[in-house]
Amino acid sequence: MDERAHRLTERIYAASLDPEVWNDVVVEISGIFGGSPASIGFLMPGESSPTALYTVGLREEYEHSYLEHLLRDTPFSTRFMKEFVDHFGEISEVLSHVRLEDTDLYTEWMQPQGLAPVWPAGLTLLDDRGDPIGGITIFRAEGAGPFTNEELAYADAFVPHLRRALHISH
């Protein structure tokens, strides 16, 4: 394990005890993807949408409305969240039939922030009952290339740590 991986693993477990450290974790995860904009969101007990949100590279006025835009354009997308449990994957794997550039998600949310017309990559985290309690979303900035298999595989190594840390903190 390289120094970067050690640092991120330590930050993940520190975040389970101090929620402010998730800000450091999202920056480190962004770094895995070449500094791409990223968000980590968690559902707090009794909530139906993420109330704990940590972001890097997204404009503040847009931070809390990604899921709303995604679900408005692709209301069926919640069925696909479980496709990204235990691994980072490109949302295009399940939404390839939807032309992103034609959605309000892109024209109203992504494009004004300088994000590329590329479906994000993501990870879904589940509680002990198998219900979604959090997730990570990685976006590409305009001009950035597609996600690589190497980036996704490197990020996958942290999934068990993210899952354990989330269970510790909840």
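Quick notes on this structure:
- Most mobile listed residue (80, 33, 88) in the chain, GNM with C-alpha springs under 10 Å: 80
- Karplus-derived HN-Hα couplings along segment 85-93 (A = 6.51, B = -1.76, C = 1.60, θ = phi - 60°), whole Hz, x at Gly and Pro: 7, 6, 6, 7, x, 7, 4, 4, 4
- Among 108, 63, 90, residue whose mean-square fluctuation peaks in a GNM of the chain (springs only between Cα atoms under 10 Å): 108
- Taking Cα atoms only, the orientation of helix 159-169 departs from the longest principal axis of the chain by about 70 degrees.
- Using C-alpha pairs under 8 Å with a sequence gap of at least 6, the mean separation divided by the residue count of segment 21-158 gives a relative contact order of 27 percent.
- Local electrostatic count at residue 56 - Lys and Arg +1, Asp and Glu -1, tallied over other residues with Cβ under 11 Å: -3
- For residue 134, the amide hydrogen comes within under 5 Å of the amide hydrogens of 43, 125, counting only partners 5 or more places away or on other chains and with H modelled in the peptide plane.
- Largest GNM mean-square fluctuation among 120, 132, 19, using the chain with Cα springs under 10 Å: 19.
- In this structure, the amide hydrogen of residue 141, modeled 1.01 Å from its nitrogen in the peptide plane, lies closer than 5 angstrom to those of 116, counting only residues at least 5 positions away or on a different chain.
- Options (1) 23.0, 77; (2) 15.0, 42; (3) 15.6, 47 - which one matches Rg and Dmax of the Cα atoms in Å as calculated here: (2)
Bear in mind that the values in this text are calculations on the coordinates, not laboratory data. Here the structure is a predicted model, which means the values were calculated and not measured. Heads up, the Cβs are rebuilt from the backbone with ideal geometry, glycines too, and the neighbour counts pull from every protein chain shown.
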